[in-house]
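The values are calculated or read from the model by the stated rules, or taken from the named source; none is laboratory data. Predicted model, so just to flag it, every value in this text is computed and none were measured. Please note: Cβ atoms are built from the backbone with ideal geometry, for glycine as well, and neighbour counts cover all protein chains shown.
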Amino acid sequence: MKSSQSYILWLSIATAIGAAIYVNSLSFFTKDEPILSDSIIQEIPELSSIKDEVDISINNVLIYPNQYDKNSIYIDTEISNMNGEGSIQIALTNNGNLVASSEIALKKNTSNFSQSFLISEKINFNKDFEISISAINSEKDISNNRYSFKSSLKIEKPKVAILTGKLNFNTPFILNNINADFSHYYPDPINGDLDITNFWFNKYDIIILDNFPIKPISDKWLNLFLKKIYSEKSSLIINAHQDRDFISLEKFLPIFGLKLKNQSELEAIRPFTRFSKDSFKSSLILTNDFYNISKNNLENFNDTVEWILSDSEVKYSFFLGSKYNTVEKPFLFYGYSNVIDNEIQTLIAKIIKDQEIVKEVKLLYNPISGYYFSSVQLKNTGEYLINIMNGVKLVDTINVNLYD
């Protein structure tokens, strides 16, 4: 009878530990309250040894873009702590080169820590990244202190074409203040020829017409131009003086959603106009002193470029989970998306094994934090594919291996 009672007591304690670990794993905040009292733990030798064990490990790595700078990304790391106390070093390397590092102060009663690195330059995305944390005193297992991974999310500067019909005071300020990989097409200073042959054979995210055209264009040229920007999904910016000749711009005005009849109506519109239809975006900038920083025109120009590059759809999420998810307990899956939306969305996770959907799970996306997450427990070991769906649109794919 005594043996049976001990078994029941042990089973109850184990269940309590499992539940507490699961609840704790779903939170980015730490729980300082003890799961079980010290007096109960001391009475059971097996639990006493668990209590004294010291181990720190890399739990999850999350990669996502910087919403405020398209030329950089974040790499976040979750660190699990079991009884560790003191300072540790965490380092991020790429192709064996140190990219970023930091120091974390561990507290014995805090089980989860996180570290975020913002990286931008000198990254080789064809090579491995590695997160490593230094060992703590009394730590026996350091195999989980390193985690290597590749990133499918790359830093790519937007490609921009700048066509200058006539060099002007605005031109250098556009060139110096656009953070992009750009090609500049401008007149030869001697004979004035404007060779834009390469322009037609390259794809651009944004096309900027800087004081271009300086004379009316033919219908044939305009049709070729429109076919290029619509087929390649390029956005358009025209920068011109306020006294720009109406006739030279007339054929472009519908691209900006404008229906103007004469020069007076052109001069009456505001300096910065924006137009969007479906995925196409355009902006007409009319100012004589674009380069005058005191009038905030540069800031408005940069805001216009950012507006064009921003996307309101869910995209750019990436997940790397714990290496040893098992069928014994639920595992957490989550991701990040730069949704520009004020509303919480309900997403669906379709869990697939051997090309068949074995389960569907609802999860919430919170635009304030940028994260979506949920958990699920599956009975069978093996490889699973999790498709995150926003309606019929595929948001992300997550690969998970479950072990015994």
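Among the strands (runs of 3 or more DSSP E) confined wholly to the stretch 177-255, which include 1 or more residues that are modelled with pLDDT under 90 and in contact with a helix residue (DSSP H, G or I) (Cβ under 8 Å, 6 or more places away or on another chain)?
Strands (runs of 3 or more DSSP E) meeting the threshold: 235-240.
For PHE275, which of the numbered conditions (1) outside the structural domain of PHE182 (by TED's automatic domain parsing); (2) among the aromatic types (Phe, Trp, Tyr); (3) at pLDDT 85 or above fails to hold?
With respect to (1) outside the structural domain of PHE182 (by TED's automatic domain parsing); (2) among the aromatic types (Phe, Trp, Tyr); (3) at pLDDT 85 or above, PHE275 is out only on (1).
Being surrounded by 15 or more Cβ atoms within 10 Å (Cβ to Cβ), at pLDDT 85 or above, within 27 Å of PHE373 (Cα to Cα) and in contact with a Lys or Arg (Cβ under 7 Å, 6 or more places away or on another chain), is that true of even one residue in the stretch 103-111?
No, that holds for no residue.
Just for the stretch 113-162: of the residues that are under 29 Å from ILE207 (Cα atoms) and hydroxyl-bearing (Ser, Thr, Tyr), which one is surrounded by the fewest Cβ atoms within 10 Å (Cβ to Cβ)?
Per the criteria, the residue is SER152.
I'd like to know if the stretch 214-234 contains one or more residues that are in the same structural domain as VAL305 (by TED's automatic domain parsing), in contact with an Asp or Glu (Cβ under 7 Å, 6 or more places away or on another chain) and either within 19 Å of SER279 (Cβ to Cβ) or surrounded by 21 or more Cβ atoms within 10 Å (Cβ to Cβ) (or both). I'd like the intermediate steps shown before the answer.
Pass one, the stretch 214-234, residues in the same structural domain as VAL305 (by TED's automatic domain parsing): 214-234.
Cutting the leftovers down to in contact with an Asp or Glu (Cβ under 7 Å, 6 or more places away or on another chain) gives us 234.
Applying the additional criterion that residues be either within 19 Å of SER279 (Cβ to Cβ) or surrounded by 21 or more Cβ atoms within 10 Å (Cβ to Cβ) (or both) yields 234.
Within the stretch 214-234 (the criterion being in the same structural domain as VAL305 (by TED's automatic domain parsing), in contact with an Asp or Glu (Cβ under 7 Å, 6 or more places away or on another chain) and either within 19 Å of SER279 (Cβ to Cβ) or surrounded by 21 or more Cβ atoms within 10 Å (Cβ to Cβ) (or both)), the answer is yes, since at least one residue qualifies.
Looking for something of a type outside the set (Gly, Ala, Ser), under 30 Å from the mean Cα position of the chain (by Cα) and either closer than 28 Å to ASP303 by Cβ or assigned by TED's automatic domain parsing to the domain that holds THR397 (or both) - is there at least one such residue anywhere in the stretch 164-171? Before the answer, list the steps.
Restricting attention to the stretch 164-171, the residues satisfying the condition of being of a type outside the set (Gly, Ala, Ser) are 164, 166-171.
Keeping just the survivors that are under 30 Å from the mean Cα position of the chain (by Cα) gives none.
No: zero hits.
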